[in-house]
1. Can you tell which of 149, 206, 169 is more than 21 Å from residue 57 (Cβ to Cβ) and either open to solvent by less than 10 Å² (accessible area, probe 1.4 Å) or of a type in the set (A, V, I, L, M, F, W, C) (or both)?
2. Need the failing condition index for residue 74 against (1) touching a strand residue (DSSP E or B) at 6+ places or on another chain (Cβ under 8 Å); (2) open to solvent by 90 Å² or more (accessible area, probe 1.4 Å); (3) at pLDDT below 95; (4) not charged (D, E, K, R), just the number.
3. If you take the residues in the range 150-195 that are of a type in the set (Lys, Arg) and within 19 Å of residue 229 (Cα to Cα), which one is modelled with the highest pLDDT?
4. Within the range 31-51, is there a residue that is at pLDDT 95 or above, crowded, with 20+ Cβ neighbours inside 10 Å and small (Gly, Ala, Ser)?
5. Working only within the range 216-227, note down all residues that are touching a residue at least 40 places away in the same chain (Cβ under 8 Å) and either more than 13 Å from residue 186 (Cα to Cα) or out of contact with any helix residue (DSSP H, G or I) (no Cβ under 9 Å at 6 or more places or on another chain) (or both).
6. In the range 361-397, how many are surrounded by fewer than 16 Cβ atoms within 10 Å (Cβ to Cβ) and closer than 13 Å to residue 330 by Cα?
7. Residues in the range 117-138: is at least one in a loop (DSSP other than H, G, I, E, B), crowded, with 16+ Cβ neighbours inside 10 Å, of a type in the set (A, V, I, L, M) and under 18 Å from the mean Cα position of the chain (by Cα)?
8. Of the residues 382, 350, 334, 323, which is assigned to a helix (DSSP H, G or I) and under 42 Å from the mean Cα position of the chain (by Cα)?
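The values are calculated or read from the model by the stated rules, or taken from the named source; none is laboratory data. Small disclaimer: the values here were computed from a predicted structure and weren't measured. Positions of Cβ are backbone-derived with ideal geometry, glycine not excepted, and every protein chain shown enters the neighbour counts. All accessible areas refer to the heavy atoms of the entire protein, side chains included, with ligands and DNA or RNA removed. Shrake-Rupley method; radii C 1.70, N 1.55, O 1.52, S 1.80 Å.
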Amino acid sequence: MAKDKIQAIKGMADMLPKDTPYWDKFTQAVVEAAQEYGYMQIRTPILEQTRLFKRGIGEVTDIVEKEMYSFVDSLNGDELTMRPENTASVVRACIEHNLLYDAPRRLWYMGPMFRHERPQRGRLRQFHQFGLEALGFKGPDVDAEQLLLVKRVWDKLGIKNVWLELNCLGQFAERQVYRETLIKYFEAHKEILDEEAQRRLYTNPLRILDTKNPAMQELVENAPKLMDTLGEESKAFLKRLTDILEAEGIDYRINPRLVRGLDYYNLTVFEWVTDKLGAQSTVCGGGRYDPLIGMLGGKETPACGFAMGIERIIELMKEEGIAPSYKECSVYVAWSGEDSFLFALRTAEALRNKQISTILHSGSAKFANQMKRANASGADFAVIIGESETQEKMVSIKPLRENLKDYGQQLKMTVEQAVEYLAEQTR
């Protein structure tokens, strides 16, 4: 009797080898960009105390109310949550380890996050993010720096179909005035509000501006604008930021509906969006969160950051026809004859000692089949070792790709010469 197959949990996907080149290309691009701007890596635990996210994100949010994977540890009764985002964790780590005592910090992270959402294209329950946090920097120059860094990532990946949307949330007191104005406006049109909007009306009214409900679009478009309630300092902050972006040739659009429903956000908010992924249009989002460090028990410190969804960006790379090369190795060693195996093994190890990715054919097979396997592996070169090569202590090298010098020819040389030749060609 056949046993039932065990499948992955819904919304938690495997990364298969065919997608590895996309992840590798993305990782290389973002790590290079972070290092070019002086950001250093930080890693935080996947599990945190639930109250970190309740305090940091806010209890009256979709994430905390409906999406967090939370449980009570049966061994000690702790209330734990699998991180739904990483900003709160990074801030917690900075406070706990006193990282900001002597200087501001530029930090980057990458890893899995967890939210119990309805799985769809570009949105998973276990998803991965790359993000930056700049802590201890007050002026808009650092906000601009992060936007320039994101633009550099798009350039490294070859992504074209993204654009930047900006808004300014001002400070908490300004937002409170706007909040009351917005509540009065929506109260006057309560019959148009859907169930979700009515639920948010008194707890998180700014989030109503984010609605995707077609029946509410005209209502939202005509709503009072947050920009009209901002003071001169907040407007000057936005003006300085946009001046920097314009000087550096970064196109942007002011989107008055771009908001955050969390009290710790202030001043800058931004999103990089695309029209290539359907409803999941945001591929990177962030902003300034000056009050958060104080809210989590640290000394009041200005900060800003962003996160980008890796799965969505890989989907966008595929949509734009960006296809990183896929290969299992750079060199495939084919051999024949019982006496040839140890010589072939020593050759493969010599190549690996030079950091050359090498597969040594495993198992018996006809030579023609081994060469088919070498081509299928994506290798640039085949190293061929038969009985005559073994006796002469030589190897034959055959370039397999049309763009390579000596393509299709068979070159014969010693192992030492082969290692140097292939190290040069695969550099």
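1. Exactly one of 149, 206, 169 is more than 21 Å from residue 57 (Cβ to Cβ) and either open to solvent by less than 10 Å² (accessible area, probe 1.4 Å) or of a type in the set (A, V, I, L, M, F, W, C) (or both), namely 149.
2. The number of the failed condition is (1).
3. Applying the first criterion (of a type in the set (Lys, Arg)) to the range 150-195 yields 151-152, 156, 160, 175, 179, 184, 190.
Subset that is within 19 Å of residue 229 (Cα to Cα): 175, 179, 184.
Values: 175: 86, 179: 88, 184: 92.
Result: 184.
4. Among the residues of the range 31-51, at least one is at pLDDT 95 or above, crowded, with 20+ Cβ neighbours inside 10 Å and small (Gly, Ala, Ser), which makes the answer yes.
5. 226, 227
6. Residues meeting the conditions: 2.
7. Yes: one or more hits.
8. Step by step, each of 382, 350, 334, 323 is checked, and only 350 is assigned to a helix (DSSP H, G or I) and under 42 Å from the mean Cα position of the chain (by Cα).
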